[in-house]
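Participant: The structure's right below; bear with me while I get my questions together.
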Amino acid sequence: MSFSQTDSLLMINICVFVEQFGYGFGFTAYMLYLIYYSEGEHKTAHYAICTGFMALGMMIPGMFAGWLQEKLGYNNFFIWVMICSVVPIIAVSLLKINPEYGRKKTE
């Protein structure tokens, strides 16, 4: 949308829906990973600390996003965000999660 500057309300709604769906899906996956990572003796404390880091990870880039968008412009800012999104994709591909986690153990 940063390149086309569309006036179509339908297209805008579809793009916002896809963006919000992707955000919600990724956020849920991250929260489930935090639950997985928090296993142990002090799981509530570990989960709380990880959630704090998650909030910090959203707040700090948000503080600079407006300034950066003004410097780069909408189109270049969009390209910058797409380039930055490669790093989390690589990080997620390197995660090692036990495939048996969360399954009920049969006796």
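Participant: Being within 27 Å of Gln5 (Cβ to Cβ), exposed (fewer than 13 other Cβ atoms within 10 Å of the Cβ) and out of contact with any Lys or Arg (no Cβ under 7 Å at 6 or more places or on another chain) narrows it down to one of Ser93, Ser85, so name that one.
Facilitator: Numbers: Ser93 fails: within 27 Å of Gln5 (Cβ to Cβ).
It is Ser85.
Participant: Quick test of your reading of the structure: Ile35 fulfils all but one of (1) among the β-branched types (Val, Ile, Thr); (2) assigned to a loop (DSSP other than H, G, I, E, B); (3) modelled with pLDDT under 85. Name the failing condition by number.
Facilitator: Looking at each condition in turn, Ile35 falls short on (2).
Participant: For Gln5, indicate whether it is in contact with a helix residue (DSSP H, G or I) (Cβ under 8 Å, 6 or more places away or on another chain) and either surrounded by fewer than 10 Cβ atoms within 10 Å (Cβ to Cβ) or not acidic (Asp, Glu) (or both).
Facilitator: Values: in contact with a helix residue (DSSP H, G or I) (Cβ under 8 Å, 6 or more places away or on another chain): no; either surrounded by fewer than 10 Cβ atoms within 10 Å (Cβ to Cβ) or not acidic (Asp, Glu) (or both): yes.
No.
Participant: Considering only segment 20-50, state which residues are under 14 Å from the mean Cα position of the chain (by Cα) and of a type in the set (Val, Ile, Thr).
Facilitator: Thr28
Participant: Now, a different point. With the requirement that a residue be over 14 Å from the mean Cα position of the chain (by Cα) and either acidic (Asp, Glu) or under 21 Å from Leu95 (Cβ atoms) (or both), what does segment 51-71 give you?
Facilitator: Gly52, Glu70
Participant: Can Ile79 be described as free of Cβ contacts under 8 Å to residues at least 12 places away in the same chain and surrounded by 12 or more Cβ atoms within 10 Å (Cβ to Cβ)?
Facilitator: Numbers: free of Cβ contacts under 8 Å to residues at least 12 places away in the same chain: yes; surrounded by 12 or more Cβ atoms within 10 Å (Cβ to Cβ): yes.
Answer is yes for this residue.
Participant: Restricting to segment 1-19, and then to whatever is closer than 19 Å to Asn76 by Cα and over 14 Å from the mean Cα position of the chain (by Cα), can you tell me which residue is modelled with the highest pLDDT? Show your work before the answer.
Facilitator: Initial filter on segment 1-19 (closer than 19 Å to Asn76 by Cα): 1-6, 15, 19.
The next check asks that each one be over 14 Å from the mean Cα position of the chain (by Cα); those that pass are 1-6, 15.
Details: Met1: 79, Ser2: 76, Phe3: 81, Ser4: 84, Gln5: 84, Thr6: 86, Cys15: 91.
Looking at residues that are closer than 19 Å to Asn76 by Cα and over 14 Å from the mean Cα position of the chain (by Cα), I get Cys15.
Participant: Sticking with this one: Just give me the residues in segment 75-107 being more than 17 Å from the chain's Cα centre (by Cα) and more than 20 Å from Phe64 (Cβ to Cβ), in sequence order.
Facilitator: Matches in segment 75-107: Lys96, Ile97, Asn98, Pro99, Glu100, Tyr101, Gly102, Arg103, Lys104, Lys105, Thr106, Glu107.
Participant: Out of the residues in segment 21-40 that are within 15 Å of Ile97 (Cα to Cα) and hydroxyl-bearing (Ser, Thr, Tyr), which is surrounded by the most Cβ atoms within 10 Å (Cβ to Cβ)?
Facilitator: Initial filter on segment 21-40 (within 15 Å of Ile97 (Cα to Cα)): 29-39.
Okay, now just the ones that are also hydroxyl-bearing (Ser, Thr, Tyr), so 30, 33, 36-38.
Working: Tyr30: 15, Tyr33: 14, Tyr36: 13, Tyr37: 14, Ser38: 17.
Step by step, filter segment 21-40, then rank; the result is Ser38.
Participant: List pairs: first in segment 10-26 and of a type in the set (Phe, Trp, Tyr), second modelled with pLDDT of 95 or more and surrounded by 10 or more Cβ atoms within 10 Å (Cβ to Cβ), Cβ under 6 Å, 6+ apart or cross-chain?
Facilitator: The qualifying pairs do not exist here.
The values are calculated or read from the model by the stated rules, or taken from the named source; none is laboratory data. This one's a predicted model, so the numbers in the text were calculated from it and none came from an experiment. For neighbour counting, all protein chains shown are included, and Cβ atoms are generated from backbone atoms with ideal geometry for every residue, glycine included.
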